[in-house]
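K.L.:
First the structure, then my questions, so here it is.
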Number of protein chains: 2
Amino acid sequence: MTNTRYTVAIHVLTLLAYAGPEALTSEFIAGSVNTNPVVIRRILAGLREAGLVRSQGGPGGGWQLLRAPEAVSLLDVLRAVDTEASFPLHATPPNLACPVGRSIQAILTGHFRTAQAAMERELARVSLRDLLEDVKAQPA
Amino acid sequence: MTNTRYTVAIHVLTLLAYAGPEALTSEFIAGSVNTNPVVIRRILAGLREAGLVRSQGGPGGGWQLLRAPEAVSLLDVLRAVDTEASFPLHATPPNLACPVGRSIQAILTGHFRTAQAAMERELARVSLRDLLEDVKAQPA
DNA sequence: CCAAATCGAAACCATCATGGTTACGATTTG
DNA sequence: CAAATCGTAACCATGATGGTTTCGATTTGG
């Protein structure tokens, strides 16, 4: 998880929620995120596979949110972009002739999963609607 | 957090705990991790700064754990290697002229911190002693 | 007191992920 | 039919990562 796709995905979805039923073009969205439209389309393509948004070509086309903002959690978005959110193990497998090397991966996998689950539980508690409220509550 | 240093650090510390008072050389440790001794020394240098281990040059030298295994948690190790464990924000700052772009970073920072804290709470519950027990409990 | 062992650290490298960019075809709308 | 928009492949620059070599400094033990 060194990449910014998760953050961009949340940003874009919040923007779509903010826009309501109106379709937004990747060019417009790229203007808010401050990047290239192709980058936006790449990320939105993943969100579309997950059933969160739909796209339409041609004039007047663009992207729309498919669910109510309160029905999309930050965990849903994480799953949709599914960028490795957990801890990677060794670059090359450890030495199996060593008692520690032999067992450490299985042991760590369990503990990492537990920690990851706790994080996901928190992400599941926040929805796009919460973000929208935060955005609208902002001064001037 | 795309790097494997956290996993390697835990592996190495578990090995030192396993070895007890005996000093282990970076070459020996590299044999268990299955990598280059310099990589091990690099990671151990960070753990030494954090006060977790000490090193000694010369024949008979090597690395030793400075604390009791039950006094070192996985969170302590994470802090010691301090590789970015959280979610990165945008690659380039969002457009401040957009209501969403203007506020999204501050909003997300808060939610990410909460999620991260939940994860760290779990990591704090596991110590090197727990790992050692898991290693020793392993069959044949 | 010397030889060997070990760490410390810099320098360099190959590989890969990432984000950005260009380009162009396909589709859809009006 | 023309313009807008998406879809996607291809390519690129950049930076992080893990590995490797090298050599000096320190320490130990004989």
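The values are calculated or read from the model by the stated rules, or taken from the named source; none is laboratory data. All values derive from a computational prediction rather than experimental measurement. All Cβ positions, even for glycine, are placed from backbone atoms using ideal geometry, and neighbour counts span all protein chains on display. Just so you know, the surface numbers come from the protein's heavy atoms only, side chains and all, with ligands and any DNA or RNA stripped out. Shrake-Rupley method; radii C 1.70, N 1.55, O 1.52, S 1.80 Å.
K.L.:
Looking only at Cα atoms, what is the convex hull volume of chain B per residue, in Å³? Present the calculation step by step, with values, prior to reporting the outcome.
P.N.:
Values: hull volume 19.1 nm³, N = 140.
Spread over its residues, the Cα hull of chain B gives 137 Å³ apiece.
K.L.:
Which GluC sites (Glu not before Pro) in the range A:1-81 pass both tests, a DSSP loop state and at most 14 other beta-carbon atoms within 10 Å? Don't skip to the answer; put the middle values down first.
P.N.:
Values: sites: A:Glu22, A:Glu27, A:Glu49, A:Glu70; in loops: A:Glu22.
The qualifying sites are A:Glu22.
K.L.:
Just going by the charge dipole of chain B, with Lys and Arg at +1 and Asp and Glu at -1 on Cβ, which of B:Thr83, B:Trp63, B:Leu24 is farthest out on the positive end?
P.N.:
Toward the positive end, the furthest listed residue is B:Thr83.
K.L.:
Cα centroids of the range A:7-63 and the range B:1-55: how far apart, whole angstrom?
P.N.:
Taking the Cα centre of the range B:1-55 as reference, the centre of the range A:7-63 is 45 Å away.
K.L.:
Something else: Using +1 on the beta carbon of Lys and Arg, -1 on that of Asp and Glu, and nothing else charged, what's the dipole of the protein assembly as shown about the Cα centre, debye to 20?
P.N.:
Working: 26 positive and 24 negative charges, 39 e Å.
The calculation lands at about 180 debye.
K.L.:
Right, another one. Calculate the radius of gyration of the Cα atoms of the protein assembly as shown to one decimal place, then report Dmax, the largest Cα-Cα distance, as a whole number, both in Å.
P.N.:
Computed over the Cα atoms of the protein assembly as shown, radius of gyration and Dmax are 22.7, 76 Å.
K.L.:
Return the carbon/sulfur percentage of the accessible area of the range B:5-137, one whole number, probe 1.4 Å, all protein chains in place.
P.N.:
Values: 3130 of 6290 Å².
With neighbouring chains kept in place, the figure for the range B:5-137 is 50 percent.
K.L.:
May I pose another question? For A:Arg113 and B:Gln105, FRET efficiency with R0 = 22 Å and r from the beta-carbon atoms, rounded to 0.05?
P.N.:
Between B:Gln105 and A:Arg113 the formula returns 0.15.
K.L.:
Okay, next question. I need the inter-copy label distances for B:Gly20: point set 7 Å along Cα to C-beta, values in nm with one decimal, smallest first.
P.N.:
Those separations, rounded to one decimal, come out as 7.4 nm.
K.L.:
Determine the calculated [θ] at 222 nm for chain B from helices alone, applying -39500 (n - 2.57) to every DSSP H run no shorter than 4 residues and normalising by the residue count; nearest 500 deg cm²/dmol.
P.N.:
Values: 6 runs with 80 residues, N = 140.
That calculation yields -18000 deg cm²/dmol at 222 nm.
K.L.:
For B:Asp82, go 7 angstrom from Cα along the Cα-to-Cβ vector, then report the distances to that same point in the other copies in nm, smallest first.
P.N.:
Result for B:Asp82, in nm, nearest copy first: 3.5.
K.L.:
Right, next: For B:Arg125, place a label point 7 Å from Cα along the Cα-to-Cβ direction in every copy; what are the distances to the other copies, in nm, shortest first?
P.N.:
Copy-to-copy label distances for B:Arg125: 1.5 nm.
K.L.:
Roll a 1.4 Å probe over the protein heavy atoms and report the accessible area of A:His90 in Å², nearest 10.
P.N.:
Around 20 Å² of this residue is reachable by solvent.
K.L.:
Charges at C-beta only: +1 for Lys and Arg, -1 for Asp and Glu. How large is the resulting dipole of the range B:5-137 about its Cα centre, in Debye rounded to 20?
P.N.:
Details: 13 positive and 12 negative charges, 62 e Å.
For this selection, approximately 300 debye.
K.L.:
For chain B, calculate the relative contact order in percent as a whole number, restricting contacts to Cα pairs under 8 Å that are 6 or more residues apart.
P.N.:
Across chain B, relative contact order equals 29 percent.
K.L.:
Net charge near B:Thr35: determine it from the other residues with C-beta under 12 Å of the C-beta of B:Thr35, scoring Lys and Arg +1 and Asp and Glu -1.
P.N.:
Computed value for this residue: +2.
K.L.:
Now a separate question. Ignoring ligands, DNA and RNA and using a 1.4 Å probe, state the total buried accessible area between A and B in Å², rounded to the nearest 100. Show your work: numbers first, answer last.
P.N.:
Working: alone 8970 and 8980 Å², together 13520 Å².
Approximately 4400 Å² gets buried when A meets B.
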